[in-house]
Amino acid sequence: QVQLVESGGGLVQPGGSLKLSCAASGFTFSNYVMSWYRQAPGKERELVASITTTGGITNTANSMEGRITVSRDNAKNTVYLQMDSLKPEDTAVYYCSARFVLGSRNYWGQGTQVTVST
């Protein structure tokens, strides 16, 4: 059974920080590129960042550049998204995604809500 379970979301004040995590199971985590996406109501899903199988960041959203840090721990089958200096426009559901580097397999988590508000 493949599972991607996000956690760490919640309500935070503007300028605050959150660290999201995504725990993976049911597949060989180290063979997958991991990505974070976000989607606000009525808007398109947006790529936040991707991280390669060995920890290199391949994509980062321009709107969040300099405010996020993506990392992964293959031993723990977990990918993280550290977010700092959060803004109200960062409010969205944040999704974890896994993409097999040698094929067409793709998996998605259920998402975690991040709300940035006074």
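Packing order of peptides 48-55, 31-38, highest average first: 31-38, 48-55 (average count of other Cβ atoms within 10 Å over each peptide's residues). Of the listed residues Ile57, Ile68, the order by accessible area with a 1.4 Å probe, largest first, is Ile57, Ile68.
Using heavy-atom solvent-accessible surface (probe 1.4 Å) with all chains present, what is the largest-first order of Glu46, Glu65? Each step should come with its number before you reach the end.
Details: Glu46 65, Glu65 130 Å².
Final ranking, largest accessible area leading: Glu65, Glu46.
Peptide packing: for 93-104, 75-86, the average count of neighbouring Cβ atoms within 10 Å per residue gives the ranking 75-86, 93-104, highest mean first. Placing unit charges on the Cβ atoms of the charged side chains and taking the dipole of the chain about its Cα centre, the candidate lying farthest along the positive direction among Phe27, Pro88, Gly9 is Phe27. Gyration tensor analysis over the Cα atoms of the stretch 78-118 returns equivalent ellipsoid semi-axes of 27, 11, 8 Å (largest first, whole Å).
Net charge near Ala23, counting Lys/Arg +1 and Asp/Glu -1 over other residues with Cβ under 11 Å of its Cβ?
My count for the surroundings of Ala23 gives -1.
Cross-link reach is defined here as a Cα-Cα straight distance under 20 Å, omitting same-chain residues fewer than 8 places apart; for Lys76 the aspartates and glutamates meeting it are Glu6. The equivalent ellipsoid that matches the C-alpha gyration tensor of the stretch 1-68 spans semi-axes of 22, 16, 13 angstrom, in descending order. Taking every alpha-carbon pair within the chain, the share separated by more than 19 Å comes to 41 percent. As a length-normalised measure over Cα pairs under 8 Å and 6 or more apart, the relative contact order of the chain settles at 35 percent.
Excluding same-chain neighbours fewer than eight residues apart, the lysines reachable from Lys43 by a Cα-Cα span under 20 Å are Lys87.
The values are calculated or read from the model by the stated rules, or taken from the named source; none is laboratory data. None of these values were measured; they are calculated from a predicted model. All Cβ positions, even for glycine, are placed from backbone atoms using ideal geometry, and neighbour counts span all protein chains on display. These accessible areas exclude ligands, DNA and RNA; they are computed on the full protein's heavy atoms, side chains included. Shrake-Rupley method; radii C 1.70, N 1.55, O 1.52, S 1.80 Å.
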